[in-house]
Each structure stands twice: as C-alpha cells, then as structure tokens.
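Below is one structure, written out as structure tokens; comments come after it.
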Amino acid sequence: MSSVGAAAPAAIAPARAARRPPVRTVYRWELRKLASQKRTYLGYGLAVLLPVIFVVSQLIRGHPPRNADSIFAGQIFESGLATPVLMLTFLAPFFLPLIASLVAGDIVAAEDNNGTLKTILTRSVDRGQVFAAKALAAATYGASAVFLSAAVATGAGIAAWGFHSVRTFSDSVVSASEALLLVFAANAFFLIPLLTLVSIGVLLSTATRNSAAAIVGTLGITLVLAIVAQIPGLEGLHPYLLTQQYFAWQGLLRTPTDWSPILHSLWVCALYAGPALIAGYLVFLRRDVAGG
Amino acid sequence: MSDPVAEEAQPVRARGLVKRYSEVVAVDHVDLNVRRGDVYGFLGPNGAGKTTTLRMALGLIVPSDGAVELFGRDPMRAGARALRGVAGFVEAPRFYPYLSARKNLELLAALDGGDARAAIGEALETVELTPRAGHRVGGYSHGMRQRLGIAAALLRRPQLLILDEPATGLDPAGMRDMRELILRLAAEGITVLLSSHQLPEVQELCNRVAIVNRGRVVYEGAMSDLRRQGGAGYRMRTTDDDRAIAIAREQDGIERVARDEQGIGFQADEHHVGALTIALGAGGVGILSLAPELASLEDLFFRLTGEAPTADGGLDGAAPPSDGTLVEAR
C-alpha cells in the first residue's frame, strides 16, 4: 500500500494540552520494553539455569564436596536451604554482575543505536524523567534476576534435600523458616553492590552510546577490581573495592548478626553509585541526540 | 490549558542559530521566521544543515550559539514544555522494532500524559495502518514507518508540525498522498515546517520558504516574493512577431525582449504590459496569447546557491555559492 492519509482525518482538534507524565509512567514503559526483548530473557535464563545445573550436578555426584571451604558447602545434602546461600556465593562475583550489566549497559545505548531517543525526547517527557526511569528499570531488572536465581536455588535445593535447619558461619543452628528469611535478606543486601554496578552500567551506557562497550566496560570494572584485590601490597584498598562488597551479606549469616560489613558496604557503595548516577544524569541532560 | 504567551507567539523563531562540530560549522547563523498558518519550506541540498537546525529546534541538540523558540519557548530552557503543541520527526521516524505499531503509539501517548491514547485508532486510520497495527514495526517498510511517524505526530494534536523529508523513500503514489495529507492538515490550521531537498515538493506545498546552503540561509521569505526577485516575465504570441518585437523594444519598461520557439519573451511590470498591448493594437498587431511566466523555484534555487538540480527535481551535495546570489544570509 502506498497511500498516506487517503482516509480523511477527523478535523484536527486544538492542540492537546500534553501533560508531563509522572516518572512511574515512563518507568512502566521501560519495563514493558524490557519484557518485549529477547535479550532480557537471556539474563533470566542464566539466573534460572545456573542453580538448576548446580543442584543436578550435586545429585549426580551424590556426596558433598570434600575439603569444602564453606560451611554451607558441607551442608548441601543436609538442608536444601544451604543451596541458595552457596549459589549466591558462587554467582555474586561474576554471573549476577554479568546479568545486571546486560541490561544496565544497554538501556540507554540501545535507544541511541535504534534512533528512538529522539522519538521519546520529542514528547512531553523531560530528559531527567527518562534517565530516572531507565536507571530504575535497569535496577529492577538486576534485582529481579537476583531474586529469581535465589528462588530457583531455594526451590531446587528444598526439592532435592528438604526444608531443614542449617548451621551459620558462626556454627550456630537456625531453624528452616529463619534460614529462609536469612536467604531472602542476604539476597536483598547483595543488591546494594549490585545496584551500584548497575549505576555504573547506566553511566557507561549513556556516555559511550554503545551497548557492547558499556556492557563489557561494566563487567570489566568488576573484573579489574577483582584482580586488584589479588595484587599483594594493596590490601589496604580491599575494604574500598566494590567487589569486596559483594560478600557483605555474609554478616547476616552469623550469630549474632554482624552488621559492620553491611553498613560499611552501604557507604562504600554510595561513594561509587552517587557520582556514577550524577555523572550519567548530567551527561544525559546535556548530550546531543544526533543519531538516527 | 491555554497558554496566552504561546497563543500570541510565533510558531518558530530562530535567531543566529549556530552549530559547530570542531572545525566544521554545520549551521551558520540561521534565522528562521515561521508564522501561524505557514506551510514553510526549509529547502536545501543534502548536508546543508537542515536536519541539524530542526534538531536544535526540537531541543535534541544544543546550539553552539543563538537560540530558537517554539511559540516563544526555548527548548534549551523550557525542556519538554517548549514542545507543547509541537510534533513531528527529524530524519526517518524511528520506533521500537520489537513492539507493534499500536504499542509504539500507546507508549508515545503515555509519554504525552495518556490523553492521546483515545486518538490512536483515528491516527492509525488516517495513515491507513489499521490493518497492520498489531504487527511489529521491525517488519515495516520505510514508507510504513514514515506513515507511522505522521500518526505519532498527529497524536499530539499539534499546532506546529515539523517534518523532515517526509516523502523520502516513498513511492510516487505515497509521495502524492503525503503531499495531500500535508495540504489537508495545513488547511485545518496546522502550521507546517517542512524540510526538503525536493524542489517540486516545496513548490507545490509551501507559501514561504528558507533556502539553505552550506549551513547558511541564502533566502527567506514568501515564495511569491522569491519568484518576483527572479523577474516577472511574460510570454506572448502575435500575428506578426517581427513587428511586435520592434514595437516592444520601443516601449518604456519593456526589457529583455527575445524570441524563441514558444513566441516572444520579455520582462515588465503589469502597468507597462498594459501599455504594450495598447501599442501593439494601435500598430496593427493582433495578440494571440499573453501570459505571465514566473521563474520556477528550480531556476531560482540554482541562481541562489549554484546548485544543480538532479533529474528528479531533488538536490544533492553542496556547491560553492554562485555569484548570482540574490539575497545574502541574514
């Protein structure tokens, strides 16, 4: 069909008093956009698959690992609730940051590549609202991946080894229901450093305008910091490395609860996330939208 | 809500607009005056700075110097508020390829506060995309995306429609229908700022025009004035062309008398043409036909910019300004 407007438009009414929508409207559409993209499910697929593979591999092996360096590794066959803790320990340094980076690094750059940034920025929405909605959507995705992974690990662990009490890092025993609560809380506190990484991803996505560069860059920061943590003589830096904060949640699994790593993690992460978000916002606010 | 300032203000007013990219000056002190009810042509070859100017007008890129106001509001200062009553697209309209046309429009309506949602069906109907509204935009042809771009603009019920090369990539029938749609929208009171490198398009649609070349406006004003500057010419056929030429050359105010295959051409104002007809009659020369012959936009553009039109009436590439520039920038 080649015609345009062969059908007469209804008389054009006076200009609509376009209203500035609230950020939650923009945020909701960001989530809908994420839900409509296959790439979104790649990360979720990883979050589901890794715990399942872990549980199946343990079932096949039939016994806990010898010389387990974690108290929870030794309890795999005693309680299904040891599985989500082990999985968080295993996924926290690389896989969960990878999943979060997939969306955080892409969320602004993809609009640049598609040329759709000009489409949304010529409506009634301010740049600050778009940036806030995108940052929130990226954070939501990262958080949902963490809890999805935790839910699968918990479900698979319980299905395989039952809903029983577990021993904490302090060797104290907590009931199954309390352990379940601690698993949830541990994942929630892991979000502090993860969402910090998301902030960095959003900054890189905004500044580089290139999805691949932003995703690799975000993950690269995690890897570089992890390498820095291994360099002898730099031990003094460790408490301030983002990667060290990935394990602050372990303070919850002590009796009594050790809040100091969590509180430390809070302010250290704020030092990373605050400037990243502010810089991303300022770049987004002033940048030329020249593509597409 | 009515906005008294916007009601009174000019739809587009640009003053000294400049955009530099390092050493390259893409837009060089451009002034634009789009008035209410105009179908305003922004004409120039590819790379002349048209799209960059429109992007600055829509607040997408920051001017290096100067300012542009839409209904009295500067997008750099007022943000999205400056775009109230304004819609359109620059370069090809872009949409989310993984969403359907309807979902794309729902998204855009939501970004306009949600009130436009009810108008989605009507907008899709206007551009005849209703049967394909549920299909993903990723599978759309270029022409369908252009039409969806118009639908997205209409959702805002604009008073000012900014269209950047809207007919590019359309087949001849699509181009014709796009022009008809623009004329219809203009007839309904929408001011249109139309960027184009297609001379026939601008000639057919626009009442005012800015001609831009190498980032500079070389003419801005009414199409009729532009043509007048090209010289008000006349062409006639008579019963005795030799005698007619002799009489015409003796008349005051009759200039550039010349004969060709179509008859006798000359330049004069209306008053002197009247005197010439009387003189021809008195001299026993019968007038078979006498018609005004305005210079075509194509001729004028060539004289203003030194550009050579392409076979399809389009303009391609940039050339140094000619010595025949009629109106200097600014």
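Computed quantities for the displayed model
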item	result
Test result for residue B:43, surrounded by 24 or more Cβ atoms within 10 Å (Cβ to Cβ), in contact (Cβ under 8 Å) with a residue 40 or more places away in the chain and either touching a Phe, Trp or Tyr at 6+ places or on another chain (Cβ under 8 Å) or more than 27 Å from residue B:199 (Cβ to Cβ) (or both)	yes
Near pairs, Cβ below 7 angstrom, 6+ apart or cross-chain, from region B:259-278 (under 12 Å from residue B:238 (Cα atoms)) to any residue that is part of a helix (DSSP H, G or I) and among the polar types (S, T, N, Q)	none
Counted residues, region A:113-150 - those being among the hydroxyl-bearing types (Ser, Thr, Tyr) and within 14 Å of chain B (Cβ to nearest Cβ)	4
Counted residues, region B:169-213 - those being in a loop (DSSP other than H, G, I, E, B), touching a Leu at 6+ places or on another chain (Cβ under 7 Å) and more than 14 Å from every other protein chain (Cβ to nearest Cβ)	2
Hits in region B:277-301 - residues which are more than 30 Å from residue B:219 (Cβ to Cβ) and touching a strand residue (DSSP E or B) at 6+ places or on another chain (Cβ under 9 Å)	B:277, B:280, B:281, B:285, B:286, B:287, B:288, B:289
Looking only at region B:109-123, and only at residues there that are within 10 Å of another protein chain (Cβ to nearest Cβ) and in a helix (DSSP H, G or I), the one that is nearest to residue B:172 (Cα to Cα)	B:123
Residue tally, condition more than 10 Å from chain A (Cβ to nearest Cβ), touching a residue at least 40 places away in the same chain (Cβ under 8 Å) and not in a loop (DSSP other than H, G, I, E, B), over region B:70-90	2
Residue in region A:114-129 that is buried (at least 17 other Cβ atoms within 10 Å of the Cβ), within 20 Å of residue A:30 (Cα to Cα) and of a type in the set (Gly, Ala, Ser) present	yes
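A quick yes/no check of all residues on (1) within 14 Å of chain B (Cβ to nearest Cβ); (2) closer than 18 Å to residue A:187 by Cα:
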| position | (1), (2) |
| --- | --- |
| A:220 | no, no |
| A:225 | no, no |
| A:231 | no, no |
| A:239 | no, no |
| A:242 | no, yes |
| A:252 | no, yes |
| A:279 | no, no |
| A:286 | yes, no |
| A:290 | yes, no |
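Conditions tested, residue by residue: (1) of a type in the set (S, T, N, Q); (2) buried (at least 17 other Cβ atoms within 10 Å of the Cβ); (3) not assigned by TED's automatic domain parsing to the domain that holds residue B:176.
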position: B:54; (1), (2), (3): no, yes, no
position: B:58; (1), (2), (3): no, yes, no
position: B:63; (1), (2), (3): no, yes, no
position: B:90; (1), (2), (3): no, yes, yes
position: B:102; (1), (2), (3): no, yes, yes
position: B:105; (1), (2), (3): no, yes, yes
position: B:112; (1), (2), (3): no, yes, yes
position: B:121; (1), (2), (3): no, no, yes
position: B:134; (1), (2), (3): no, no, yes
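The values are calculated or read from the model by the stated rules, or taken from the named source; none is laboratory data. The structure presented is a predicted model; accordingly, all values stated were derived computationally and were not measured. Every residue, glycine as well, gets a Cβ built from its backbone with ideal geometry; the counts of neighbours run over all protein chains shown.
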